[in-house]
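Asks: Submitted below is the structure of interest, expressed as C-alpha cells.
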Amino acid sequence: MSEINQGSIVTVVDKGFTYSNYTELFNHARKLIKVDILHAYNQTPTEGETYRVLTVVHHLDSMTPTPIALIHNDNLYAYLVEVDGLRLK
C-alpha cells in the first residue's frame with residue numbers, strides 16, 4: 001500500500017509513469033478535489049521537482065488498483081503520475 005496520499009509532498013523520480021493523455025481520468029480526479037486546475041495534456045512533470053498531491057485515484061478501466069496521483073506545483077497545471085514514479089519528500 002502506498003504511503004502517498006492527498007496532501008503529500010513528493011518528488012518525481014520517473015516521469016515515464018505519467019498519464020499525460022488521460023483526459024477522462026484527469027476530469028474524474030479534478031471533480032474529487034473541486035479545484036480549478038488545468039490538465040498538463042501531453043506533457044510530463046520534471047524529474048527531481050517537488051509537487052503536492054491533490055488526490056489519489058485509480059485507473060478507470062483497469063482491474064489493477066494501481067494508485068495514480070494528481071500532482072501540481074504551481075496551482076495551475078496538474079499531472080497524473082502513477083505513485084511508482086513518485087517518492088515522498
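The values are calculated or read from the model by the stated rules, or taken from the named source; none is laboratory data. A quick note: this is a predicted structure, and the numbers were derived from the prediction, not measured. Reconstructed Cβ throughout: ideal geometry from the backbone, glycine too, with neighbour counts over all protein chains shown.
Asks: Which residues, counting only those in segment 52-76, are over 11 Å from the mean Cα position of the chain (by Cα) and without any contact (Cβ under 8 Å) to a residue 12 or more places away in the chain?
Replies: Scanning segment 52-76 gives D61, S62, M63, T64, P65, D74.
Asks: I need the full set of residues from segment 1-15 which are over 12 Å from the mean Cα position of the chain (by Cα) and either within 12 Å of E82 (Cα to Cα) or free of Cβ contacts under 8 Å to residues at least 60 places away in the same chain (or both), in order please.
Replies: Of all residues in segment 1-15, those over 12 Å from the mean Cα position of the chain (by Cα) come to 1-3, 13-14.
Passing the criteria: M1, S2, V13, D14.
Asks: Keeping to segment 1-43, report how many residues are surrounded by fewer than 16 Cβ atoms within 10 Å (Cβ to Cβ), charged (D, E, K, R) and either at pLDDT 90 or above or in contact with a strand residue (DSSP E or B) (Cβ under 7 Å, 6 or more places away or on another chain) (or both).
Replies: Of the residues in segment 1-43, 4 are surrounded by fewer than 16 Cβ atoms within 10 Å (Cβ to Cβ), charged (D, E, K, R) and either at pLDDT 90 or above or in contact with a strand residue (DSSP E or B) (Cβ under 7 Å, 6 or more places away or on another chain) (or both).
Asks: Tell me yes or no: at least one residue of segment 35-51 is within 11 Å of the chain's Cα centre (by Cα), outside any loop (DSSP other than H, G, I, E, B) and closer than 22 Å to K89 by Cα. Walk me through how you get there before you give the answer.
Replies: Going residue by residue through segment 35-51, those that are within 11 Å of the chain's Cα centre (by Cα) are 39-40, 44-45, 51.
Filter once more, keeping what is outside any loop (DSSP other than H, G, I, E, B): 39, 51.
Then keep just the ones that are closer than 22 Å to K89 by Cα; that gives 51.
Checked segment 35-51: at least one residue is within 11 Å of the chain's Cα centre (by Cα), outside any loop (DSSP other than H, G, I, E, B) and closer than 22 Å to K89 by Cα.
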